[in-house]
Amino acid sequence: MKIKLFLLAGIVLLLIPFLAACGDTDSASESDNNNNQEEASTTEADNSEENGSDNSISITSEEASETSEKFLTLVSEGNYEEAEALYDEVMETEMAAGDLEAIWNEMETEFGAFTGFDYVDEQQADAYYTFIYEGAFGDQSTVFTVSINDNHEVAGFYIRPSQE
């Protein structure tokens, strides 16, 4: 069992830099754009307050949950191309076609067949909903985190061992 945990930890350590890059926005032009967007958002918020309207995201929790579960179901059934079609632009550039399949197959090779997932929690921040699921590959418990943007796209996907 300790060997399995060690192997899973090794895989996760290898995947973290790769998957963390999916949300990385450190370039100068992106920072400038973010500053301009923040100024525009502040202006929009000020205008919304003056007009009495609220400034909310355009996706509901239920819609985001459907997209998240659809993504995990597609991956677990081996429909990687369909799952990758749900990626946002950043995920498309950071995770090459076929990477998702390679990661999933490596998990199944190391720990056993995927046995399913169950909803645990959700969080909403800015224009993103993040869903947390428990799952398992063979006897190895895992935690899946799937982030969905307000365009119904997968903006992040992470797999880590469960803290049992």
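Read-outs throughout are calculated quantities, based only on the coordinates presented, and are distinct from any laboratory measurement. Since we're looking at a predicted model, the values are computed, not measured. Cβ coordinates were reconstructed from backbone atoms using ideal geometry, including for glycine residues, and neighbour counts include every protein chain displayed.
Here is how the numbers come out for the structure above:
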{"quantity": "Subset of segment 103-134 (residues that are in a strand (DSSP E or B) and polar (S, T, N, Q))", "calculated": "Thr115, Gln123, Gln124, Thr130"}
{"quantity": "Checklist (1) over 14 Å from Ile59 (Cβ atoms); (2) surrounded by fewer than 17 Cβ atoms within 10 Å (Cβ to Cβ); (3) touching a Phe, Trp or Tyr at 6+ places or on another chain (Cβ under 7 Å) applied to Glu122, failing item", "calculated": "(1)"}
{"quantity": "Number of positions in segment 129-141 that are in contact (Cβ under 8 Å) with a residue 60 or more places away in the chain and hydroxyl-bearing (Ser, Thr, Tyr)", "calculated": "2"}
{"quantity": "Positions within segment 106-125 being without any contact (Cβ under 8 Å) to a residue 60 or more places away in the chain and of a type in the set (Asp, Glu), in sequence order", "calculated": "Glu108, Asp118, Asp121"}
{"quantity": "Breaking point among (1) touching a helix residue (DSSP H, G or I) at 6+ places or on another chain (Cβ under 8 Å); (2) in contact (Cβ under 8 Å) with a residue 12 or more places away in the chain; (3) of a type in the set (D, E, K, R), for Asp150", "calculated": "(1)"}
{"quantity": "Any hit, segment 92-102, residues being farther than 25 Å from Gln163 by Cβ and assigned to a strand (DSSP E or B)", "calculated": "no"}
{"quantity": "Unique match (being in contact with a helix residue (DSSP H, G or I) (Cβ under 6 Å, 6 or more places away or on another chain) and of a type outside the set (S, T, N, Q)) among Gly112, Gly138, Gly116", "calculated": "Gly138"}
{"quantity": "Neighbours by Cβ (under 6 Å, 6+ apart or cross-chain): first from segment 75-87, within 19 Å of Gly116 (Cα to Cα); second surrounded by fewer than 17 Cβ atoms within 10 Å (Cβ to Cβ)", "calculated": "Tyr80/Glu101"}
